[in-house]
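The numbers here are math on the coordinates, done by the rules we state, and not lab data. All values derive from a computational prediction rather than experimental measurement. Here the Cβ is made from the backbone with ideal geometry for all residues, glycine too, and neighbour counts use every protein chain on show.
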Amino acid sequence: MFSLPVLTFHALAATSHVVAWPEAAFDAMVLRLARRGRTPQGLDAIEACQAGRSVAKGGYLVTFDDGYESVVAAHASCRRVGGRIVLFLATSLPESNPIFPGETECPVQAAVTWSELRELVKDGAEVASHGHRHVDLRKLSDFEIEHELINAKAALRDYLGVAPRAFAYPFGAVNARVRGIVGAHHALAFGTRLGAVTAESDALDMPRLEAHYFRHLSTRGDLDGIAVQAYIGVRRVLRAVRGSFHG
Ligand SMILES: [Zn+2]
């Protein structure tokens, strides 16, 4: 069965912050994996995988959440090897500086701007939805959840001319009610289940792998078995620290 690891990043920054990778380490990872025949794919690879069709050999996805300005550098790294990034953008964030004012748990960095985003899209980056205000949807009423989804879609359409195929739950937070409403707007949604995407994955709770746990990829190792490593190795850690992530 075909499977695709989907890596989750947030920011590239020269800090030891839990959700930031140094830019040079990210670039080294992309280059190393490219030399091993692996290129970052877009969401069509996920759809092919779901349909049980063959996917690009050695494919994987590089996804960035939220909309830190360092997605511009991440995009350049992936383009250099003929690949692309998928950005899950919270559409209220572009132009803010810093991206999350007053949030000490997040890397302090400006958000990407709409004009930078337009350039990225023109150059092959995929932008999908991470909601509008980056809030835990479980805490909202049905009506408010609808608003989050509709506002995000409208912003992506108006600013970028993009109709987002996929959604990523802010903080990975999802329950049956949230899943149901999101499913009325998006065919694909990503949570934080550990594993690689296969034809059997739940389309509205797709697995992803938090890249924080795979920093070794910039200097050694490969993606083979990475989902299993994640599952058995970091599951407990992830659970314990999830509350401290600005997912
Ligand atoms: Zn997020």
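Below is a table of values for the structure above.
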quantity: Neighbour-count ranking [beta-carbon atoms within 10 angstrom, fewest first] of D65, D136, D123; calculated: D123, D136, D65
quantity: Test item: Cα-centred dipole of the chain, Lys/Arg +1 and Asp/Glu -1 on Cβ, debye; calculated: 820
quantity: Mean-position separation - Cα centroids, the range 88-148 and the range 1-66, in angstrom; calculated: 20
quantity: Along each principal axis, Cα extent of the range 3-244, largest first, Å; calculated: 46, 38, 37
quantity: Computed helical MRE - 222 nm, the chain, DSSP H runs ≥ 4 contributing -39500 (n - 2.57), nearest 500; calculated: -10000 deg cm²/dmol
quantity: Extended-chain gain in nm, criterion 0.36 nm per residue less alpha-carbon gap, V81 and E119; calculated: 11.9 nm
quantity: Estimated distance in nm for a label pair at T198 and V18, the labels positioned 7 Å out from Cα along Cα-to-Cβ; calculated: 3.0
quantity: Descending principal axes extents, the range 9-51, alpha-carbon based, whole Å; calculated: 40, 22, 11
quantity: DSSP-defined antiparallel bridges as percent of all bridges, the range 3-244, nearest 5; calculated: 10
quantity: Furthest towards positive pole of dipole, L156, S54, V18, structure part the chain, Cβ charges; calculated: S54
